[in-house]
1. Would you check if THR131 is within 7 Å of the ligand (Cβ to nearest atom), modelled with pLDDT of 95 or more and either in a helix (DSSP H, G or I) or of a type in the set (Ser, Thr, Tyr) (or both)?
2. Looking only at the stretch 13-44, how many residues end up being in a helix (DSSP H, G or I) and either of a type in the set (Gly, Ala, Ser) or out of contact with any Leu (no Cβ under 8 Å at 6 or more places or on another chain) (or both)?
3. Please report, ordered by residue number, the helices (runs of 4 or more DSSP H) entirely within the stretch 228-340 with at least 3 residues that are within 28 Å of ASP183 (Cβ to Cβ) and over 19 Å from the mean Cα position of the chain (by Cα).
4. Find all pairs meeting these conditions: Cβ atoms under 7 angstrom apart; at least six residues apart or on different chains; first residue within the stretch 5-25 and closer than 13 Å to CYS153 by Cα and of a type in the set (D, E, K, R); second residue within 8 Å of the ligand (Cβ to nearest atom) and not in a loop (DSSP other than H, G, I, E, B).
5. Kindly list the number of the only condition in (1) surrounded by 22 or more Cβ atoms within 10 Å (Cβ to Cβ); (2) within 21 Å of THR158 (Cβ to Cβ); (3) away from the ligand (no atom under 12 Å from the Cβ) that fails for ALA103.
6. Name the single residue that is nearest to THR271 (Cα to Cα) among those in the stretch 162-174 being more than 16 Å from the ligand (Cβ to nearest atom) and surrounded by 13 or more Cβ atoms within 10 Å (Cβ to Cβ).
7. Out of everything in the stretch 134-155 that is part of a loop (DSSP other than H, G, I, E, B) and within 11 Å of the ligand (Cβ to nearest atom), what residue ends up being nearest to PRO79 (Cα to Cα)?
8. What is the number of the single condition among (1) closer than 15 Å to VAL226 by Cα; (2) modelled with pLDDT under 95 that PRO312 does not meet?
Amino acid sequence: MGTFRIIKGDITKCRADAIVNAANPSLLGGGGVDGAIHRAAGPELLEECRTLNGCRPGEAKITKGYRLPADYVIHTPGPVYRGGNCGEEQILASCYRNSLKLAACYERNTVAFPSISTGIYGYPVSLAAKTAVREILTFLHTQSTVREVVMVCFDEETKKAYEAAYREIGQAEFVIRKAGEADLADIQKLMETTVAYMENPDWFYEDGKEFLETCVKEEENAGFAVIARTKQEGIPAGCFLVEIPGDVPYNLGNDLGFSKEQLLLSAHMDTAAVAPLYRGHHLQDRMMEVCEEEMKKRGMRYLLATVHPDNPYSLSNVQKRGYGIRATKEKYGRSLRHILCKEI
Ligand code: AR6
């Protein structure tokens, strides 16, 4: 994962591979940081901007940096703040996301941002900072081209707001509890996000997820699910699903030559999803621990898991919790999987 820094300074002096400009939709210059960037880059920047045909709020376009120390300038018009109910947050999030995607596309390793929309466009800085930091960290946790993002704050108050937003995510506390039917939509969203950001979608086995509903139903004894939420705001941060399949052909115990009696005491430690923003908090491990405790209470003996052999993250996670590789074979169509087991 790349690094994120917050500094006080002037972005026009920044030696990043690319700096971001809080532009307006014409891309033809203006006041604030936009004016400062155009002054420092020289008139060639405006000439190149004229060829771009403007840019919609939330989108981003790239030019060379000319006389700036930065090689490139990524221009993104932020939203004008109109009270917060006009889609401002989504547009601001898109500014950060699209600027970072463009930087990665141009293989830039370091990117510097100003505080988009919090000057002339009037976005309250404490709110803007939360959205900005969330988007930047999510991006840094899910790709490896952009290695450093620097937030360049022009004044102390802005810097403090970004530092507070960063602290809030870094020091987040979580509540992990049994998931119920009311959590179903949040769990589905967590799983979709996990697949969307995965390096190799083949690592995630998406079919046969009908049991998800079984997992969250109180009366069912065929599964168990937990959801992790932030303590402060209840934001869904991760989920873990366990299936208790019983004596059926797809019970993984069959791949390990289990007897009928053993099959009835086996649980599939099936699916883990952690929101990219909250990676690094050991959530998968903590959720798995809760699930293992529950399986113990229910009298289960064999905890079974499958991991794609090329997925080093999941493999080291489960091995650290004491699961050993018992077999490696093609499962779920033609995809290779290690089958791991932990006896409790
Ligand atoms: N380096 C870093 N940050 C700066 C600099 C600098 N040199 N100069 C100002 N800031 P603003 P917006 C900070 O108004 O709200 C333009 O006219 C500033 O203190 O530049 O997105 C455009 O053409 C504030 O914290 O951008 C648009 O019309 C932050 O940069 C409109 O302003 C953003 O303030 C965009 O408004």
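1. Values: within 7 Å of the ligand (Cβ to nearest atom): no; modelled with pLDDT of 95 or more: yes; either in a helix (DSSP H, G or I) or of a type in the set (Ser, Thr, Tyr) (or both): yes.
In short, no.
2. The total comes to 11.
3. Helices (runs of 4 or more DSSP H) meeting the threshold: 283-297, 312-320.
4. LYS8/CYS153
5. Of everything listed in (1) surrounded by 22 or more Cβ atoms within 10 Å (Cβ to Cβ); (2) within 21 Å of THR158 (Cβ to Cβ); (3) away from the ligand (no atom under 12 Å from the Cβ), ALA103 misses just condition (2).
6. Checking each candidate, the answer is PHE174.
7. The selected residue is PHE154.
8. Of everything listed in (1) closer than 15 Å to VAL226 by Cα; (2) modelled with pLDDT under 95, PRO312 misses just condition (1).
The values are calculated or read from the model by the stated rules, or taken from the named source; none is laboratory data. Quick caveat: nothing in here was measured; it's all calculated off a predicted structure. Cβ coordinates were reconstructed from backbone atoms using ideal geometry, including for glycine residues, and neighbour counts include every protein chain displayed.
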